[in-house]
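This is the structure I have questions about; it appears just below.
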Amino acid sequence: MTLFLGEAILLRMNRKLFELVKTTTVTASMEGVQKSNTYAYWNGDGWADVPYRLRDQAEAMFQAQQGRETEQEALRDEELMSRWFRESFNHLSQHIHQTAKDEGWWDKERSDGEIIALIHSELSETLEALRNGNPPDDKISQFSGAEAELADVIIRIMDMCSARRWDIAGAILAKIKYNKTREHKHGGKKF
Ligand SMILES: [Mg+2]
């Protein structure tokens, strides 16, 4: 997911006013949030890129003019990562559910109990893999058995949340936020 954010300032140089524009490209992905800035100025006829050697100066002008908004920036990054996670999760859930439907697993409506039992069975397979020393998985051997079985748990959960139109991604984000506010070991629980 990519956002483009624009800021503009007016500079007075040699008794002339110049408009300086900064465009920040913010990209959210698995690697986190990446940002890059480009600077352009109005030279009277059109927009021209600020030469590379002057970019630090251009950035300093923006910072002097507007002050650092680090806290706001951090909040914006968090918001962007949340949106990226939610959209990716929901998109992948729909894809998983469509595959399961194409395979015929949803020809008849499935009960909540059946789906939950199948999620349990994938957790049990994870435990079995670990009991057997967690060898490479027999279908995707670049991953261990436990990794592959936990993937099955999550795939089944995503299939269910798409079928039921539940916003699990939103709930995960809300829970992460809530958990940060809880007491140490949730008020003295042993485990
Ligand atoms: Mg399995």
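What follows is calculated from the coordinates using simple rules that are stated; it is not laboratory data. This one's a predicted model, so the numbers in the text were calculated from it and none came from an experiment. Here Cβ is always computed from backbone atoms with ideal geometry, including for glycine, and neighbour counts include all displayed protein chains.
Of everything in the stretch 106-162, what is under 21 Å from Phe89 (Cα atoms) and outside any helix (DSSP H, G or I)? Give them in sequence order.
The one that is under 21 Å from Phe89 (Cα atoms) and outside any helix (DSSP H, G or I): Trp106.
Among the listed residues Gly133, Gly187, identify the single one that is more than 28 Å from Ser82 (Cβ to Cβ) and over 23 Å from the mean Cα position of the chain (by Cα).
Exactly one residue qualifies, and that residue is Gly133.
So which residues in the stretch 1-47 are in a strand (DSSP E or B), surrounded by fewer than 12 Cβ atoms within 10 Å (Cβ to Cβ) and on the phi < 0 side of the Ramachandran plot?
Of everything in the stretch 1-47, those that are in a strand (DSSP E or B), surrounded by fewer than 12 Cβ atoms within 10 Å (Cβ to Cβ) and on the phi < 0 side of the Ramachandran plot turn out to be Thr2, Phe4, Gly6, Leu10, Arg12, Met13, Lys16, Leu17, Gln34, Ser36, Trp47.
Looking at the stretch 114-130 only, could you name the residues that are near the ligand (Cβ under 10 Å from one of its atoms) and either more than 29 Å from the chain's Cα centre (by Cα) or not acidic (Asp, Glu) (or both)?
The answer is Leu118, Ser121, Leu123, Ser124, Thr126, Glu128, Ala129.
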